Each structure stands twice: as structure tokens, then as C-alpha cells.
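First up is the structure itself, then whatever we jot down about it.
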Amino acid sequence: MGTKSYFFKSFAIVALALVAFIGFKQILPDKIFSESKLDSKNVLIDSLLLESVAEDSLALDNDSISEEDRKLNRQKIVYDETGGIEFPSETFENYKGYQYLIHFYEKLYQLEKNPQAKVRIAYYGDSMTDGDLIVQDVRANYQERFGGNGVGFVSITSESAASRGSVKSKYSKNWKAQSYLNVKKPTSPFGVNGHVFFANDHSNPTWVQYEAGLNKYSTSLDNATLFYGKSSKKGSVNFIIGKDTLKKSLLPNNLVNTLKVSSGSIKSFKANFIHADSIPIFGFNFDNGVGVHVDNFSQRGNSGLPISIFDANVMQAFNANLKYDLVILHYGTNVLNYGTKNYSWYEKGMTKAVNKIKESFPGVSILIVSTADKSTKYDLEMKTDSAVVPLMKAQKKYALETESGFVNLYTLMGGDGSMVKWVDEAPAKANKDYTHFNQRGAKAIGKLLYDQLNKGYEEYKILREKRDSGSKQGTVRKSRPDSVSVKSDSL
């Protein structure tokens, strides 16, 4: 026990040192920390994760699976009706939580009846979804079935801009960017993407340029719209489309403001920001206004915990424009291997983050996607990392606690040892780091995610049509032993 306690104390000191480093980075000269090269080597870890580990690691001495966990696996989850619809009970071990996706499923149902309707998904993730991997495939599957064109919301700058194929973007290097990954109190509140940008260079032009990608449903930039924040000073922006230049004013009166570049579809444009140094800029949205649209809010090094510092009022203002029906939280890669297999601290932190999503996007359905399999070398052999299953169970716990749907990505891809197979098989579907999927693997994961969500939707349609067919006879619900009864709001 003494050796283990010494390990955690040593780890806590290292973690606190890293937190201090991040803090000093904010005030030290920029030249020390070059940001001119945004490539895959710049791996970040969010400050909230480091702080959580430093605070809680000393108290976490029990890595064993408790008897309480074993009982939890056997427990039945019995759902209360939502608008007359009740999904079958589940065990915790096989929990998917389709009942909590009813709002999302109803919007899909209405879209299927009326192709002019619209459904929107926000997909928050870490490096697993960098470069639009996985997300672009989820998007393509939905747009193939339900319609919709466009990649959705795109940030001003991004580490993966050069590698993303679904939309091409370039930008000047003089943008001042702040991220919820390592800034707790930004100059202006973060946007829905967890970032805020400022065109604060008076000497040189500050610009961003977008070009439609080659993906099947994103070959044009539809209804390109700028999103920007509140400021006491006005500014302007010049949109260059082909040989034409459109000069438009920025009127930053509200928490979230929009400015349409042009109606209809264009292939590319460039935006030059003029005297806009005090105006918070968030990004551009591209969609054709009907069908399904999926925004990719990926951030390397993110644990998901920074979501808890969102400004709910700003998020609600975004939601008034974008109207989200489902929020997906796909994290875990950066949480593994922090010296413990007890993830109660992460469970607590992510419960707070999910509750912030509920406050920010009232009535939205929420889906938690667990960590995938990850392999580590034990006795010269690559095996499933010992922290994967404990983390996955913690993610499942906060999914149930917050009444969110759940995708067990670890079991979905094959469970124990599956990452080794995905790396070693030909052609390979994952990289040699035994953590991240390549493009082929990401496409397979995107299809697996879509298929689980769609299975729930098909079940929902059957339950809904049963309800509508007139089978509304009263039933008496019998209490069931060893079960958890879960209440849901009405439609």
C-alpha cells in the first residue's frame, strides 16, 4: 500500500506541474510556444483533466471491481413511458438507452414523413474524430437515407484543416484563438465548437478560405453563414466569391449573431475581416436547410470535461439558430492510463458536463459513445489495456445516471483484443499506435454507430405505430425485483 500511495503522490506532483505549465504558457511570450505548425504531433491534454486527476488520484487506492458493480451488471432497467412509448427493459450490462433518444427518433420520424423538415446532430469528440473521421461516415449514412447536403458547422482554424477531406480550409496565421481545452476564462465566451477567434492583427489581413470537399453530400457550400459574438465595436468582412467581392457589416449586438455569405450553393469563398479585432468570431455553417446535418466538434487531447465550462446562455443562443436534436459525446482516448482504474472522478466530472449540455440545449437527446479498445504491451505481447473496461463501465454509469443513450464502442468493435486484430489484419483498419482508427477503420466505426442508432429508430417506429393504431388499453405495471425504474419526460 505504501508503494502505491507513493506512486499516486508522485503522479499528482507531475500532473500539478503540467497544470502549472499550461498556466504559465498563457502569460509567457508567444515565441516560446510556436503555433505556426498545427500537425498531428501537437498532442494536447485539457487542463480540467489534469486538475481532476491531481485532485482525486491520492484518494483512489481501490482498483478492484466492487461487488456493487457486479450487482449493477445484473440489474434491470425498466423505463417509464414517454408519450405512450416504452422500450423493453434492459440489463445494465447490455444498456443502450434507446428510451432516452425518443426526442431524436421522433424528429427522424417527422423528417421521414416530410422531406422538407430538418434534423441536426452535434458530435463532440477527441482525436478519434479528428479530420472528420467517423463523423463524416455517420453523416453520410444519415444523409443517404434522410437527405441533406453540407458538412455543417466548421471552425475558423483547426489542427486537422489540412487533412480534412469533407471540407477544405486555409487561414492566415495571425488569428488569435482560445480553446476550452486550456482556457477557463476566455476573452469572450466560447462558441458551440468550444473555441473563439479574434482577427486582432491591424498590420496584416486576417482571413479564412473554404472550399467544398469531394464527399458525396458535401460537394458544395450551401447557405454559407458566419456566426459571431457580441462586442461594443462594429466591423466588416469582405467575402470574395470568384471574381466578385461582397462587402458586409458585422453588427455584434447579440450573444450570437449570423451573417449570410450568399444564398444557395457556392464552391468556395474567402473572407477578409476588416477592423474586427474586438469581435468574437466562431465559425461558418454550411447546410442546405433540409434533411440531416451533423456538426463535428472534435478537439485533440479533449477528455470531455471542458464542456462543463460552456456558457449556457451563449449555447442557447446557438441552439435558437441551429436547433439540435441529438448531442453525441465521444470521449475516452485521453482519459486512459492515469495511474488508476477507478474512474469515479471522471464519472462525476462528465455527469456535470452532460448536465451542462441539458441546460444549454433544452430537450435534446444525448448519446454517450464509450472508449474503443486500446492495446498496450504486456510481457512483450499487445493486449487490451487494463484500464479500458473500467473506463467503459464508468461511461456507462454516467450515461444511465444522466438519462442518455449509450454506445459500447469497445464491445461493438469486438471486445477484448479487438484493436490488435484491427491493426494486424489486412487491410488494416487501425494505426500502429493501437489506439486510433485509419480512414478505413473510421468508416467501419461510423457504420457500426449508425447501425446501432438506426436499430433503435426502427424499434421506435414499431412502438409508435402500435400506439397510433389504437392499442391504448390501460395496463398495470407490476413492480419487478432487482430493477431500476427510470422516468422519462413526455413527448
Notebook entry, point to check: Sorting R467, R70, R145 by accessible area (1.4 Å probe), largest first, what list results?
Noted result: R70, R145, R467
Notebook entry, point to check: What is the list of residues in the stretch 214-257 whose amide nitrogen lies under 15 Å from a point 7 angstrom out from the Cα of S278, following Cα to Cβ?
Noted result: 229-236, 250-254
Notebook entry, point to check: Efficiency by 1/(1 + (r/R0)^6): what FRET value for E112 and E381, r their Cβ-Cβ distance, R0 = 45 Å, to the nearest 0.05?
Noted result: 0.40
Margin query: Could you report the stretch 38-468's accessible area per residue, 1.4 Å probe, as an integer in Å²?
Written below: 40 Å²
Notebook entry, point to check: Using the Karplus equation 6.51 cos²θ - 1.76 cosθ + 1.60 (θ = phi - 60°), what ³J(HN,Hα) coupling, rounded to whole Hz, does each residue of the stretch 289-294 give in order, writing x for Gly and Pro?
Noted result: x, 9, x, 10, 10, 10
Notebook entry, point to check: In whole Hz, what ³J(HN,Hα) sequence does the stretch 202-211 give by Karplus (6.51, -1.76, 1.60; θ = phi - 60°), x for Gly and Pro?
Noted result: 7, 8, 10, x, 10, 9, 9, 9, 10, 9
Checklist line | 5 angstrom amide H check on T206, placed H, neighbours 5+ away | finding: F273
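Keeping the other protein chains in place, figure out the carbon and sulfur percent of the accessible area of the stretch 222-299, with a 1.4 Å probe. Each step should come with its number before you reach the end.
Numbers: 1510 of 3200 Å².
That fraction is 47 percent.
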Next item on the list: Rank these by accessible area, largest first, 1.4 Å probe: S386, S265, S188.
Entry: S265, S386, S188
Check: Per 10 Å bin, what is the whole-percent P(r) computed from every C-alpha pair distance within the stretch 38-468?
Finding: 4, 21, 32, 26, 13, 4, 0
Next item on the list: Please work out the C-alpha center-to-center distance from the stretch 113-145 to the stretch 234-259 and express it in whole Å.
Entry: 28 Å
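Relative contact order of the stretch 38-468: what whole-number percent is it, with Cα pairs under 8 angstrom and at least 6 residues apart? Before the final figure, lay out the partial values.
On the way: 912 pairs, mean separation 91.0, N = 431.
Worked out over the stretch 38-468, it gives 21 percent.
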Margin query: For V119, what residues show an amide H to amide H distance below 5 Å, using hydrogens built from the backbone and excluding near sequence neighbours?
Written below: G291, V292, H293
Notebook entry, point to check: A162 to K461: extension gain in nm, 0.36 nm per residue of separation minus the Cα-Cα distance?
Noted result: 103.5 nm
Next item on the list: Provide the net charge surrounding F198, with neighbours chosen by a C-beta distance below 10 Å and charges set as Lys +1, Arg +1, Asp -1, Glu -1.
Entry: -1
Notebook entry, point to check: Among K323/K352; K118/K429; K107/K356; K374/K443; K356/K396, which pairs are too far apart, with a Cα-Cα distance over 29 Å?
Noted result: K118/K429
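Report the Stokes-Einstein translational diffusion coefficient (µm² s⁻¹, integer) for the stretch 89-230, Rh taken as the Kirkwood radius over Cα pairs, at 20 °C with viscosity 1.002 mPa s.
Values: Rh = 17.7 Å.
Rounded, D is 121 µm²/s.
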Check: Ignoring ligands and nucleic acids, what accessible area does K107 show with a 1.4 Å probe (Å², nearest 10)?
Finding: 70 Å²
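The values are calculated or read from the model by the stated rules, or taken from the named source; none is laboratory data. No experiment lies behind these values; they were computed from the predicted model shown. All Cβ positions, glycine included, derive from the backbone under ideal geometry; neighbour counts span all protein chains shown. Quick note on the areas: whole protein, heavy atoms, side chains included, nothing else; ligands and nucleic acids left out. Shrake-Rupley method; radii C 1.70, N 1.55, O 1.52, S 1.80 Å.
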